[in-house]
Amino acid sequence: MHVAHLSLTDFRSYASVELGLEPGVTAFVGPNGQGKTNLVEAIGYVATHSSHRVAADAPLVRQGAARAIVRCAVQRDDRRALVELEINPGRANRARLNRSAVSRPRDVIGLLRTVLFAPEDLSLIKGDPAERRRFLDELLVSRTPRFAGVRADYDRVLKQRGALLRTASQARRGTRSGRRAEGDTGFAAAGAGDVLSTLEVWDAHLARHGAELLRARLELIDELRPLVAGAYASLAPTSAPATLAYRSTLSTGQDGAEDESPGERGSSDAQTLSTDLGKTLEERLRERLLEVRSAEIERGVTLVGPHRDDLVLGLGELPARGYASHGESWSFALALRLAAYDLLRADGGDPVLILDDVFAELDTQRRRRLAEIVAPAEQVLITAAVDDDVPAELAGARFDVAEGSVTRVR
Ligand SMILES: Nc1ncnc2c1ncn2[C@@H]1O[C@H](COP(=O)(O)OP(=O)(O)O)[C@@H](O)[C@H]1O
Ligand SMILES: [Mg+2]
């Protein structure tokens with residue numbers, strides 16, 4: 001697939017811009033701060049409904065504007081779809097497909113699929129587990145858009161269960177100190193029994209959605225493992241092999257503390273998580289929720305579930321996080337993205353490849369290797385500060401980006 005047209009209204013620095021794009025390689029070149037990343041960020045947003053740079057949507061809307069609109073014409077074989085997103089910070093986004101409203105924005109996920117490489121990817125290796133969970137879940141949703149719904153259900157249950165735990169936690173503290181706040185809705189006021197039975201209802205929901213997400217992640221990691229190892233070996237042939245494992249809060253003794261260094265705790269697969277005990281992941285998750293219940297009420301947070309898990313990256317026997325060199329970290333990050341690209345491509349249709357300012361960060365060998373791998377893709381969009389940062393293998397169309405205007409020069 002490829003993006004044939006991009007249209008932005010009040011997105012980031014752009015009041016309005018219209019860009020015709022073609023298959024093959026297109027480079028956006030210009031000095032820093034001119035709006036190159038803003039363009040590709042918009043395309044990535046249409047694919048994933050999130051930015052690779054910021055967690056919240058507010059910065060995506062042009063200063064002083066109320067909402068942003070991103071529109072992409074996506075060409076897949078001989079079919080064209082016009083996907084439009086209206087970004088409303090603090091309120092629900094709206095989406096249109098071929099100029100007709102759809103009921104939920106997530107209904108247009110999957111029409112455009114992208115794989116985006118950016119300097120921010122280093123946080124996949126060096127950052128918190130949340131970065132790696134996001135990598136897994138975004139890929140999951142790209143491959144199987146239905147998982148956008150599973151994630152949304154899980155997040156909703158998590159939020160509601162969290163509110164209940166906080167109430168229970170406050171009530172317990174209040175009861176203990178012999179005081180009770182005015183309008184207390186917790187243990188004593190509502191009755192501890194009521195809180196516990198409501199909690200059980202939420203446990204069931206959490207376990208159902210959580211198990212579905214967990215199983216999908218585990219299966220995804222099994223598919224990624226050989227692809228990541230292969231891509232890593234070709235980018236860093238002299239390094240120890242890249243490994244992937246899943247660390248789950250479902251395993252006893254793992255209560256989702258995020259500050260532990262990886263590798264110190266056991267990792268899991270679906271087998272050890274459930275089946276050898278003859279239990280489903282859902283049953284196991286419910287069981288774990290009971291095990292940690294008192295700690296959860298104490299702390300007022302849900303301690304087990306996929307929102308506390310991690311994708312553990314290793315190099316040989318060592319965890320990558322905290323041990324990998326800068327070059328190894330870059331190779332690992334690229335290998336994760338390349339593996340994602342392979343999987344999406346195998347599902348049918350080349351995703352659009354976006355390389356935001358990555359070549360300047362790489363040494364000659366990694367640069368060349370990456371250029372060779374991405375060159376055959378149906379569409380590659382590159383941003384670079386100077387022409388020299390675009391490898392010769394990737395010569396193609398070119399836009400100059402300066403002071404908010406985007407001009408085709410080749
Ligand atoms: N919401 C916004 N409203 C107005 N300008 C913005 C907004 N967000 C970012 N910018 C501006 O966009 C520019 C950065 O654009 P970017 O695409 O990241 O540059 P680069 O060409 O280096 O990739 C900065 O000048 C920044 O001030
Ligand atoms: Mg940039």
For L97, the lone unmet condition from (1) assigned by TED's automatic domain parsing to the domain that holds E18; (2) loosely packed, with under 14 Cβ neighbours inside 10 Å is (2)
Members of region 363-396 that are touching an Asp or Glu at 6+ places or on another chain (Cβ under 6 Å), touching a residue at least 60 places away in the same chain (Cβ under 8 Å) and crowded, with 17+ Cβ neighbours inside 10 Å: T383
Candidate set from region 365-410 (those that are in a helix (DSSP H, G or I) and aliphatic (A, V, I, L, M)); member that is farthest from F117 (Cα to Cα): A392
Mind counting the residues in region 241-254 that are of a type in the set (G, A, S) and surrounded by fewer than 16 Cβ atoms within 10 Å (Cβ to Cβ)? 1
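Results for (1) at pLDDT below 95; (2) in a helix (DSSP H, G or I); (3) more than 30 Å from L355 (Cα to Cα), shown as yes or no for each residue.
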position	(1), (2), (3)
F135	no, yes, no
V150	no, yes, no
R166	yes, yes, yes
G174	yes, yes, yes
E200	yes, yes, yes
H209	no, yes, yes
So D121 ticks every box in (1) part of a helix (DSSP H, G or I); (2) surrounded by fewer than 21 Cβ atoms within 10 Å (Cβ to Cβ) but one. Which box is left unticked? (2)
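Here's the yes/no breakdown for (1) aromatic (F, W, Y); (2) buried (at least 21 other Cβ atoms within 10 Å of the Cβ); (3) out of contact with any strand residue (DSSP E or B) (no Cβ under 8 Å at 6 or more places or on another chain); (4) within 24 Å of L273 (Cα to Cα):
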position: G314; (1), (2), (3), (4): no, yes, no, yes
position: S329; (1), (2), (3), (4): no, yes, yes, no
position: A346; (1), (2), (3), (4): no, no, yes, no
position: V352; (1), (2), (3), (4): no, yes, no, no
position: D357; (1), (2), (3), (4): no, no, no, no
Return the only residue of R71, R113, R79 being more than 12 Å from ligand 1 (Cβ to nearest atom), free of Cβ contacts under 8 Å to residues at least 40 places away in the same chain and either under 18 Å from G349 (Cα atoms) or of a type outside the set (V, I, T) (or both). R79
Set V40, V54: member being out of contact with any Cys (no Cβ under 8 Å at 6 or more places or on another chain), under 26 Å from L343 (Cα atoms), assigned to a helix (DSSP H, G or I) and within 16 Å of ligand 2 (Cβ to nearest atom): V40
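The values are calculated or read from the model by the stated rules, or taken from the named source; none is laboratory data. Predicted, not measured: the structure shown is a model, and the values here were computed from it. Every residue, glycine as well, gets a Cβ built from its backbone with ideal geometry; the counts of neighbours run over all protein chains shown.
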